[in-house]
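> This structure is in structure tokens; I'll ask about it shortly.
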Amino acid sequence: MNYYLFRIFDDISLETAQTDLEKRGLKDTFVIEDDALGEIFIGGHSKKEIETPFAQLTEKKPAVVNWDEQWSLFAENFHQGKAHIQLGEKTLLLTPGAGFGDLSHPTTYLMLEMMKDTVSNEHVIDIGTGSGILALSALLMGAKSAIGIDIDPASIQHAKENAKLNQLKATFTKTLPKKLPQNNILLMNMIFPEQIIFAPEKLNQYAKTWIVSGILAKEKEAYLAQAKTWGWKPLLEQVRSEWVGFIFSV
Ligand SMILES: C[S@@+](CC[C@H](N)C(=O)[O-])C[C@H]1O[C@@H](n2cnc3c(N)ncnc32)[C@H](O)[C@@H]1O
């Protein structure tokens, strides 16, 4: 089985392309609308080869991945089967798995940099937790509590394994628990279209500060305009390669 991602051609409607792909056997389809790039993507998985006249194939990868091999190639400071994430004098260990977040990506690095002086003695909620790297690092940085959510069940499982490995008490679930602490530091490292779909402003009532990344430098102005509509005021901006991160107050 393979995962597929298609970019819909400009003159084709989303409905036409999605119906066609589903007829050709693409399962569990999802849509990503990248407003900044003005492009729409459809993803899904299939056991059969998928081709369509309505969209361009942009990604195809096997659904079964050798995570040990992947992490040994890309993860930060990988030895004895684990990534070693250095946080001052403390070290977070991460076991290879499906969750994104091994510190090889600049946005994860930006998030940890911005969290350093912010999360100690605070309650933290991590939206799009992946491997759990940010929520677990927050605890090692002195956060009082950490909750991580993700739409991907494999990421939740991976984050839980990492909490156990480090003997840290974090809550990892698909959706947020009904009862939440007040005045949280909210973390969100997701690409711009994913953030729009998530609609983070619904959590402003629980947020003291938002720390975010996943935004390309070329999307910065559009993102700041979007953040204003969410009621966020920029406090800090950091850049690493072509990515930006921000801290906002609510
Ligand atoms: C770029 S990864 C970030 C992982 C990790 N927090 C880090 O900083 O390295 C983004 C994560 O967001 C998750 N995600 C995407 N859309 C989401 C949504 N609407 N709700 C929750 N999680 C979402 C993805 O499954 C993925 O694990």
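The values are calculated or read from the model by the stated rules, or taken from the named source; none is laboratory data. Since the structure is predicted, the reported quantities are computational estimates derived from the model, not experimental observations. Here the Cβ positions follow ideal geometry from the backbone for every residue, glycine too, while neighbour counts run over all protein chains shown. Ligands, DNA and RNA are stripped out before the accessible areas are found, and what is left, the full protein with its side chains, is counted by its heavy atoms. Shrake-Rupley method; radii C 1.70, N 1.55, O 1.52, S 1.80 Å.
> If only one of Glu221, Glu161, Glu201 is outside the structural domain of Glu39 (by TED's automatic domain parsing), over 22 Å from Ser120 (Cβ atoms) and in contact (Cβ under 8 Å) with a residue 60 or more places away in the chain, which one is it?
Criteria check complete, one pass: Glu161.
> I've got another one for you. Of a type in the set (A, V, I, L, M, F, W, C) and more than 30 Å from Ala138 (Cα to Cα) - does that describe any residue in the range 86-93?
No, every residue in the range 86-93 fails to be of a type in the set (A, V, I, L, M, F, W, C) and more than 30 Å from Ala138 (Cα to Cα).
> With respect to Leu93, determine if the residue is at positive phi and either surrounded by fewer than 22 Cβ atoms within 10 Å (Cβ to Cβ) or within 9 Å of the ligand (Cβ to nearest atom) (or both).
Taking the combined requirement at face value, the residue does not satisfy it.
> Across the range 115-134, what is the number of residues that are open to solvent by less than 30 Å² (accessible area, probe 1.4 Å), farther than 15 Å from Val212 by Cβ and over 11 Å from the mean Cα position of the chain (by Cα)?
Total satisfying the criteria: 0.
> Looking only at the range 140-165, how many residues end up being part of a loop (DSSP other than H, G, I, E, B) and either open to solvent by less than 10 Å² (accessible area, probe 1.4 Å) or within 15 Å of the ligand (Cβ to nearest atom) (or both)?
5
> Would you pick out the residues in the range 7-30 that are without any contact (Cβ under 8 Å) to a residue 24 or more places away in the chain and open to solvent by 40 Å² or more (accessible area, probe 1.4 Å)?
Listed by number, the residues that qualify are Asp10, Asp11, Ser13, Glu15, Thr19, Glu22, Lys23, Lys27, Asp28, Phe30.
> For Asn77, work out the one condition from (1) open to solvent by 70 Å² or more (accessible area, probe 1.4 Å); (2) in contact with a strand residue (DSSP E or B) (Cβ under 9 Å, 6 or more places away or on another chain); (3) in contact (Cβ under 8 Å) with a residue 40 or more places away in the chain it doesn't fulfil.
Answer for Asn77: the failing condition is (3).
> Scan the range 166-185 for residues that are surrounded by 13 or more Cβ atoms within 10 Å (Cβ to Cβ) and within 12 Å of the ligand (Cβ to nearest atom) and report the count.
Total satisfying the criteria: 3.
> Is it the case that some residue within the range 213-231 is open to solvent by less than 80 Å² (accessible area, probe 1.4 Å), touching a Gly at 6+ places or on another chain (Cβ under 6 Å) and either part of a helix (DSSP H, G or I) or within 14 Å of the ligand (Cβ to nearest atom) (or both)?
Looking for residues that are open to solvent by less than 80 Å² (accessible area, probe 1.4 Å), touching a Gly at 6+ places or on another chain (Cβ under 6 Å) and either part of a helix (DSSP H, G or I) or within 14 Å of the ligand (Cβ to nearest atom) (or both), one finds at least one in the range 213-231, hence yes.
> Filter the range 135-154 down to residues that are under 12 Å from the mean Cα position of the chain (by Cα) and at pLDDT below 95, then give me how many there are.
Going through the range 135-154 one residue at a time, the tally reaches 2.
> Only one of His79, His45 is in contact with a Lys or Arg (Cβ under 8 Å, 6 or more places away or on another chain) and either under 23 Å from Gly128 (Cβ atoms) or assigned by TED's automatic domain parsing to the domain that holds Gln226 (or both). Can you tell me which?
None of the others qualify; the one that does is His45.
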